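Undergrad: Okay, here's the structure, questions in a sec.
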Amino acid sequence: MLISPPRLPGQIENGEIVGIVTDPSGAVLVNASVRVQNMETGQETTLRTNSSGLYTGKQLPLGGYQVTAAAAGFASVTGVVRVTAGTTLRTDFQLPVAHRKEKVETRSTGAAPIR
């Protein structure tokens, strides 16, 4: 029999993913799409960058996420991150110019959480 400890009031059970989306010159991409998909549940949400190129995914359940940034005229870029309790992960994207339909994939090797 597996017994789980009871949850304590105020126990943190989520985290955040934040980042900036830029073009190859480093200029921010306004209104870029950032799709955040939980790899265990398949649940996804689509975020948009603001006027500073910043996106924020708040109150995300713990687990692995596939994060894909896209904008018109640019190739999409995908990264994989793990959200842990009470952390804010910084995941920036630099989108290459799309010459034709193409996709670039990256893998995180354990980015340090921002606290």
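Undergrad: Please enumerate the residues belonging to the range 28-37 that are under 13 Å from V67 (Cα atoms) and either within 10 Å of the chain's Cα centre (by Cα) or loosely packed, with under 13 Cβ neighbours inside 10 Å (or both).
TA: The answer is V34, R35, V36, Q37.
Undergrad: When the range 34-66 is examined, which residues are found to be outside any strand (DSSP E or B), free of Cβ contacts under 8 Å to residues at least 24 places away in the same chain and within 22 Å of Q94 (Cβ to Cβ)?
TA: Across the range 34-66, the qualifying residues are N50, S51.
Undergrad: Is it the case that V30 is under 21 Å from A98 (Cβ atoms) and assigned to a strand (DSSP E or B)?
TA: In short, no.
Results for (1) at pLDDT below 95; (2) charged (D, E, K, R); (3) touching a Gly at 6+ places or on another chain (Cβ under 8 Å); (4) surrounded by 13 or more Cβ atoms within 10 Å (Cβ to Cβ), shown as yes or no for each residue.
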| residue | (1), (2), (3), (4) |
| --- | --- |
| G26 | no, no, no, no |
| T49 | no, no, no, yes |
| Q94 | no, no, yes, yes |
| E102 | yes, yes, no, no |
| G110 | yes, no, no, no |
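Undergrad: Hey, another quick one. Looking for something among the hydrophobic types (A, V, I, L, M, F, W, C) and modelled with pLDDT under 95 - is there at least one such residue anywhere in the range 4-20?
TA: Looking through the range 4-20, at least one residue is among the hydrophobic types (A, V, I, L, M, F, W, C) and modelled with pLDDT under 95.
Undergrad: Is there a residue in the range 67-90 that is assigned to a loop (DSSP other than H, G, I, E, B), surrounded by 15 or more Cβ atoms within 10 Å (Cβ to Cβ), among the polar types (S, T, N, Q) and at pLDDT below 95?
TA: Yes, that holds for at least one residue.
The values are calculated or read from the model by the stated rules, or taken from the named source; none is laboratory data. Keep in mind it's a predicted model, so treat the numbers as computed, not measured. Quick reminder, even Gly has a Cβ in these numbers, built from the backbone with ideal geometry, and neighbours come from all protein chains shown.
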